[in-house]
Amino acid sequence: MKRFKILCVLLLTVFFASVAVDFVLDFVSGARMGYTMGEYIVDNELVSREHLYIDVLTEVDKKVLTPNALNKLSGDSVVILRNNVSVIEYADSFAEDSEKHNVWYHALTWLNRLIIAIFVYVIVVFVKIMRLFMRTQVFERKIISLLNHIGIAFLVLALVSTAWNFGRTYLAGHLIDVEGLAVNYRHCIEWSDFVLGLVILVITEILSQATAIKEEQDLTI
């Protein structure tokens, strides 16, 4: 049991570390870029619509394979192919065209808020589970119930995140046409969240059956 509790503490530490890297740092980076872009727009009296981190496929041709950067360590020319890009366009016509897709913008905004809400819920439940692990036995119905909730939450998070990725990629494909780049849907599905949710549900089922066996043994004794 002591070994199990140590593993729980390690799991909690790794979990929060992943949250800091995947969520907090990305949020801070996006906020800084948004603030800088906002200052530029205000200073120059521009109108802008922004699409962050769009997955694209670079159309490979001789022009693309032309060296476009320099490796300062070796002094050699290198080719950088773009996979994820941020597209910021400053044009009245683009803004007017964007107004036709306001429903999409509102839908993406609410999906984004839902993702944040689910993420916060997962963190709260996860902390509760770790605290119960540290104080009580593993085979408790309350722990199993919380694990089931967190597994379902990850599946819902995967579905919502996938919908959000498809939505923003679809919108970008209808508003942006840049030579040499093609919008790509291959990274839209959040496979990691799907897998994590299913793994947690499988573990929950194993614990549930083990708890039922333990309760039967206790009654027999």
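The values are calculated or read from the model by the stated rules, or taken from the named source; none is laboratory data. Values in this document were obtained by computation on a predicted structure and should not be read as measured data. Note that each Cβ is placed from the backbone with ideal geometry, even for glycine, and that neighbours are counted across all protein chains shown. Ligands, DNA and RNA are excluded from the accessible area calculation, which covers all protein heavy atoms including side chains. Shrake-Rupley method; radii C 1.70, N 1.55, O 1.52, S 1.80 Å.
Observations on the structure shown:
- A Förster distance of 35 Å, applied to the separation of the beta-carbon atoms of L10 and H106, puts the FRET efficiency at 0.25.
- Length available on full extension from E215 to Y35: 0.36 nm per residue minus the Cα-Cα distance, which gives 59.1 nm.
- Radius of gyration and Dmax over the Cα atoms of segment 143-186, both given in Å: 16.5, 54
- Diffusion coefficient of segment 144-221 by Stokes-Einstein, Kirkwood radius over Cα pairs, 25 °C, 0.890 mPa s: 161 µm²/s.
- The H on the amide N of V87, modeled in the peptide plane, is under 5 Å from the matching H of H51, Y53, I54, each at least 5 residues off or on a different chain.
- Length gained when the stretch A182-L70 is fully extended (0.36 nm per residue, less Cα-Cα span): 37.8 nm
- Amide H contacts under 5 Å for V183, placed H, 5+ residues apart: L57
- Of the listed residues S161, S86, the order by accessible area with a 1.4 Å probe, largest first, is S86, S161.
- Spatial separation of Cα centroids for segment 113-129 and segment 160-221, in angstrom: 14
- Restricting segment 158-221 to chymotrypsin sites (Phe, Trp or Tyr not before Pro) that sit in a DSSP loop and have at most 14 other Cβ atoms within 10 Å of their own Cβ leaves Y185.
- For GluC sites (Glu not before Pro), the sites in segment 138-221 that DSSP calls loop and that have at most 12 other Cβ atoms within 10 Å are E179.
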